[in-house]
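Report on one structure; see the data block that follows.
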Amino acid sequence: MGAGSVRLAATLLVLVVTAAGSATVCEAQLRRNYYAGVCPNVEAIVRGAVAKKVQQTLTTIGATVRLFFHDCFFQGCDASVIVASTANNTAEKDHPNNLSLAGDGFDTVIKAKAAVDAVPQCRNKVSCADILTMATRDVIALVRNLQLTLALSVGQKHKFQNVTTTLLVQAGGPSYAVELGRLDGLSSTASSVNGKLPAPFLNLDQLTAIFATNGLSQADMIALSADPNPCRTFAGRISGPSPDPTMNPSYAAQLRTQCPANVDPRIALSMDPVTPVTFDNQYFKNLQNGKGLLASDQVLYSDPRSRPIVDAWARSNVAFNRAFVTAMAKLGRVGVKTGAQGTFAATVQC
């Protein structure tokens, strides 16, 4: 699922318990300015580190958002997806479904944590789960200034001078407040990943059901359709004996060049081929034109029950942003650890 390479982040409030077998959802004492007494400038510190990382590479945006989404969908928003495997345990990050998580997402959290710990009063006082939450909000809200330096020949008094000019291209998404106070998880196992992520071939009912296990509505699911996906997840739609006839032919041809046979399984593509580095509602316009990357993307438009939402958000970026912030708030409430369930030390994760 997708939209402008970038979707997904979190604010937190209260959690409800869902059906057995679903991801654990628990009530947590989360609040804004949680670290005011121990690290009052933590949000500014994280934002500064994230801004530097985004300036280095655009892949930071989608990579960080995708990391957050995967983390919350497995054992809750507890940074367990960052934990490294050991000789005795295969961690979440090494499950096949997570191998395409880009290194820039992990690096964003590592650098933000290092910046926080560089302040003596903050060292090991802020959880990795909260740092990932703040970083995700920041990559989405950050107005990235892409400096394009152009060499020009300018005529003055019959003479030409070589000069340069800088264009600033702004492409930021909605900003929102985050509530903090998560603990980091005490365990991370590859087995906890099985069956937790929406498969690329699911129909609307199946998609709605898997999001519902995490307390998310059908509208939330559509708003959060922003996750870049590895080539293997849509290979059957663009090649083989029976390519998907519902996909836009020119888009399918483009994808075949980007994802040739035997491509590295870690390669992931943006869900939005039109504005891949801008947070906007283009994803929904793409669905109207048969440019859903996955079958589970296109079904959001082909199914008459969800099509009205797609059409509404294709018309209004403001309406989409509002729904996205609401959905991100709810996503950030999933499986928050409290008490003996977690730790604030965060030294193992990041």
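The values are calculated or read from the model by the stated rules, or taken from the named source; none is laboratory data. Just so we're clear, the structure is a prediction, and the values are computed from it rather than from any experiment. Positions of Cβ are generated from backbone atoms using ideal geometry, with glycine treated the same way; all protein chains shown enter the neighbour counts. The area values use the complete protein model at the heavy-atom level, side chains included, leaving out ligands, DNA and RNA. Shrake-Rupley method; radii C 1.70, N 1.55, O 1.52, S 1.80 Å.
Extension gain ALA87-GLN206, at 0.36 nm per residue separation less the Cα-Cα distance, in nm?
39.2 nm
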Can you list residues from other chains, or at least 5 along the same chain, whose modelled amide H is less than 5 Å from the amide H of LEU180? ARG31, ARG32, ASN33, TYR34
Report the normalised scattering of the stretch 54-131 as log10 I(q)/I(0) at q = 0.27 Å⁻¹, calculated by the Debye formula with identical scatterers on the alpha carbons. -1.28
Sorting GLU179, GLU92 by accessible area (1.4 Å probe), largest first, what list results? GLU179, GLU92
Hz values of 3J(HN,Hα) by residue in the stretch 78-87 - Karplus curve (6.51, -1.76, 1.60), Gly and Pro given as x: 9, 6, 5, 6, 8, 4, 7, 5, 10, 4
Cross-link reach from LYS330 to lysines, straight Cα distance under 20 Å and at least 8 residues apart if same chain, gives LYS196
Per residue of the stretch 115-120, in order, report the coupling 6.51 cos²θ - 1.76 cosθ + 1.60 (Karplus, θ = phi - 60°) as ³J(HN,Hα) in whole Hz, putting x for Gly and Pro. 5, 5, 6, 5, 8, x
FRET efficiency (SER187, ARG123; Cβ distance; R0 30 Å; to 0.05) is 0.80
For LYS337, other-chain or 5+-apart residues with amide H closer than 5 Å (H placed, Pro excluded) are LEU183
Under-5 Å amide H pairs with GLY292, H placed in peptide plane, nonlocal only: ASN248
